[in-house]
Amino acid sequence: MKKHSSLGGRILSAMMAVTIAAGMFATGVVSAAGGYWNETDEGWRYLESNGRPVVNRFANIDGHWYSFDQDGIMQTGWYNLPDSDIWYYFQKDGSAVIENWACVNGLWYYFDAAGYMVTGWQKIDETWYYFYDNGALKTGWLYRDGKWYYLTADGVMKRGWLLDNGKWYYLLLDGSMATDCTLAIGDVEYSFDINGVWWVSGEATEEEIEEITPDVPENSTDIDEEESDPEPTESFSQLSCRLMAEAVAAACEKRPVPETAVTSGYLQSTLVLDRSLIDEFSGLMNEDGSMLYLVLKAKDGCLNDLLIQLNVARRMLVNELDGTASKVWSQGGYIALMVLDDRCKQRDDELQIAASAFDDACQEMMGTADDSNTTSETETDQTEDSQAAE
């Protein structure tokens with residue numbers, strides 16, 4: 001398996017830029033630049049420039065994340081974020097594995113851009129893998145949702161021909177095994193039984209069987225190149241977020257439409273949102289990592305709780321000195337957040353433009369929303385934000 005590059009510099013700039021202000025995880029974060037390491041009989045400590053040890057928190061030191069217990073001792077190994085299913089792994093040198101592979105007790109795991117251990121299907125560097133619920137990489141045959149898949153010894157989802165225990169199988173573009181069907185692969189038709197095994201009619205001669213036997217199956221596929229993986233359908237949150245950004249950019253000529261997407265790790269670490277409340281989300285951020293637009297769909301019954309969390313979080317993102325203003329509102333079961341800076345001189349008008357774009361997208365995709373299903377900030381709250389920003 002091709003392992004990925006080292007941890008250096010891989011933490012998202014967005015997460016790094018704002019976690020100090022917003023608070024990372026439930027235990028807090030500190031930027032520990034300018035301090036020094038100190039080895040004790042109990043283990044390693046990190047002392048800040050004022051001589052105080054980093055205690056009971058995460059710390060970013062020279063571009064890496066570390067965890068320290070209540071006695072200030074650097075931690076290694078697994079760490080479970082309290083009251084969650086989020087797991088991190090800190091290596092022997094204490095640094096967290098971020099957007100990289102880790103081999104622990106002979107098993108391979110992958111940790112995303114926020115340092116979370118991943119599970120289930122994951123697309124990593126354009127390759128699909130499957131991870132057990134405990135995070136370990138799966139190899140061999142996998143049965144999920146009524147379909148069979150095959151993961152190679154490196155965990156890579158197999159496509160095309162597969163020879164296993166003397167039997168031929170064919171894995172489709174989505175990785176699922178062809179069963180009980182006949183496929184035209186190249187210029188030849190192949191039939192597969194209910195177990196996915198390629199079979200030949202008893203009327204065929206040995207010469208005919210030899211002629212159609214796939215003899216070069218490794219890493220091959222005879223599926224037409226035009227039949228590539230289908231592009232994922234743009235979700236409502238992605239569509240409405242883009243429409244908001246485009247609408248504001250049109251009204252505020254100095255504010256381009258950002259292209260950098262907000263990640264799940266950014267949501268958790270920057271906005272301190274409870275991901276268990278979120279069904280889907282989409283966001284766009286500025287080049288400097290500051291968040292500009294966000295659309296969330298709350299899980300059933302969680303809309304008000306998520307709205308309260310987002311109202312609290314967005315105040316952490318608004319900096320009066322930078323002249324920023326923000327607005328949170330909801331429509332049709334979705335919640336939207338937008339932050340404007342001093343490049344947009346008519347912020348009140350531009351915030352309203354984004355709100356209108358969001359509402360229009362809701363009405364177009366879900367029908368006219370019931371007024372009782374719409375919640376927004378009070379005009380007084382928003383006016384105070386704008387006045388404070390100016």
Q | Per residue value of the accessible surface for segment 69-214 (all protein chains in place, 1.4 Å probe), Å² | A | 54 Å²
Q. Say a paramagnetic label sat at a point 7 Å from the Cα of LEU183, along Cα to Cβ; which residues of segment 139-155 have their backbone N under 14 Å from it?
A. 148-150
Q) Based on the mean of other beta carbon atoms within 10 Å per residue, what is the order of 74-80, 236-242, 143-149, most packed first? A) 236-242, 74-80, 143-149
Q | Between segment 67-114 and segment 322-345, the alpha-carbon center distance in angstrom | A | 35 Å
(Q) Considering only protein heavy atoms and a probe of 1.4 Å, how much of the accessible area of segment 29-89 is carbon and sulfur, as a whole percent? (A) 40 percent
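The values are calculated or read from the model by the stated rules, or taken from the named source; none is laboratory data. Just so you know, these numbers come straight off a predicted model, no measurement behind them. Cβ: placed from backbone, ideal geometry, glycine included. Neighbour counts: every protein chain shown. To get the accessible areas, we keep the full protein, side chains included, count just its heavy atoms, and leave off ligands, DNA and RNA. Shrake-Rupley method; radii C 1.70, N 1.55, O 1.52, S 1.80 Å.
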